[in-house]
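Visitor: Take this structure first; my questions come after.
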Amino acid sequence: TGIGRGQEAKPYVHLNPAIAKWAAGKAAIGISTSSFSLEDAQTVARSGADFVRLDMEHSPFNVDTIRMYLIGMTDKQNILKRGNAVFPIAPVVRIPPYGREHPDWAVKQALDAGMMGIKFPTIDNKEEALRAVKSMRYPAPRGSKYPQPAGLRGMGAGNATWLWGVGGDEYNRRAD
């Protein structure tokens with residue numbers, strides 16, 4: 001377990017604050033925006049919400065805009081106060097492709113940019129739901145506790161590790 005004598009195991013902490021609340025049986029409060037300005041990102045970062053949904057289904061889908069918005073949400077004062085670089089508000093993006101359109105490319109780019117979640121505009125059946133899940137997952141390592149559904153996402157989180165404040169191995173493990 002990696003626990004020395006006299007030490008207690010630290011509880012698992014979700015990096016995504018909305019998932020942490022849901023796991024504790026609590027409600028998560030979110031906001032939606034289609035304004036991707038630096039000022040909006042800074043306001044959202046200090047809003048106290050648990051998640052923000054960037055609406056790129058009805059606005060242009062632009063990965064550079066996602067990156068800049070997430071950099072704008074990086075609140076150094078909050079990082080110093082909390083003692084870690086993890087976002088206090090989970091960034092989620094609503095992508096333009098429907099489930100039937102094989103949204104893998106948009107999912108991969110948004111997650112690699114640093115998003116903590118994807119909102120699919122329409123999933124109509126089991127096959128589309130399975131494809132959506134596969135698009136967000138990395139292929140499971142040998143001996144994985146949850147090898148299915150097999151992920152389609154390629155390794156190379158890029159900007160996400162920087163923004164999440166974790167190393168590549170930890171990101172690969174926790175982003176699933």
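Visitor: Can you tell me which residue among 66, 71 is within 16 Å of the chain's Cα centre (by Cα) and loosely packed, with under 15 Cβ neighbours inside 10 Å? Walk me through it before giving the result.
Guide: Working: 66 fails: loosely packed, with under 15 Cβ neighbours inside 10 Å.
Only one candidate qualifies: 71.
Visitor: Let me ask something else. Of everything in the range 138-175, what is outside any loop (DSSP other than H, G, I, E, B) and touching a residue at least 24 places away in the same chain (Cβ under 8 Å)? Give them in sequence order.
Guide: 159, 160, 162, 163, 164, 172, 174
Visitor: Quick one: is residue 126 under 19 Å from residue 152 (Cα atoms) and loosely packed, with under 15 Cβ neighbours inside 10 Å? Spell out how you get there, then give the answer.
Guide: On the way: under 19 Å from residue 152 (Cα atoms): yes; loosely packed, with under 15 Cβ neighbours inside 10 Å: yes.
For residue 126, the condition - under 19 Å from residue 152 (Cα atoms) and loosely packed, with under 15 Cβ neighbours inside 10 Å - is met.
Visitor: Out of all the residues in the range 112-129, which are part of a helix (DSSP H, G or I) and either under 13 Å from residue 52 (Cα atoms) or free of Cβ contacts under 8 Å to residues at least 12 places away in the same chain (or both)?
Guide: Within the range 112-129, 126, 127 meet the criteria.
Visitor: Something else now. Condition first: open to solvent by 40 Å² or more (accessible area, probe 1.4 Å) and farther than 26 Å from residue 61 by Cβ. Now tell me which residues in the range 129-143 satisfy that.
Guide: Of everything in the range 129-143, those that are open to solvent by 40 Å² or more (accessible area, probe 1.4 Å) and farther than 26 Å from residue 61 by Cβ turn out to be 141, 142, 143.
Visitor: Checking residue 138 against (1) at pLDDT below 90; (2) over 14 Å from the mean Cα position of the chain (by Cα), which single condition isn't satisfied?
Guide: Among (1) at pLDDT below 90; (2) over 14 Å from the mean Cα position of the chain (by Cα), the lone unmet condition for residue 138 is (2).
Visitor: Related question: Any residue at all in the range 89-104 that's open to solvent by 40 Å² or more (accessible area, probe 1.4 Å), of a type outside the set (A, V, I, L, M) and under 20 Å from residue 154 (Cα atoms)?
Guide: yes
The values are calculated or read from the model by the stated rules, or taken from the named source; none is laboratory data. Predicted, not measured: the structure shown is a model, and the values here were computed from it. Cβ: placed from backbone, ideal geometry, glycine included. Neighbour counts: every protein chain shown. What goes into the accessible areas is simple: the full protein's heavy atoms, side chains included, and nothing from ligands, DNA or RNA. Shrake-Rupley method; radii C 1.70, N 1.55, O 1.52, S 1.80 Å.
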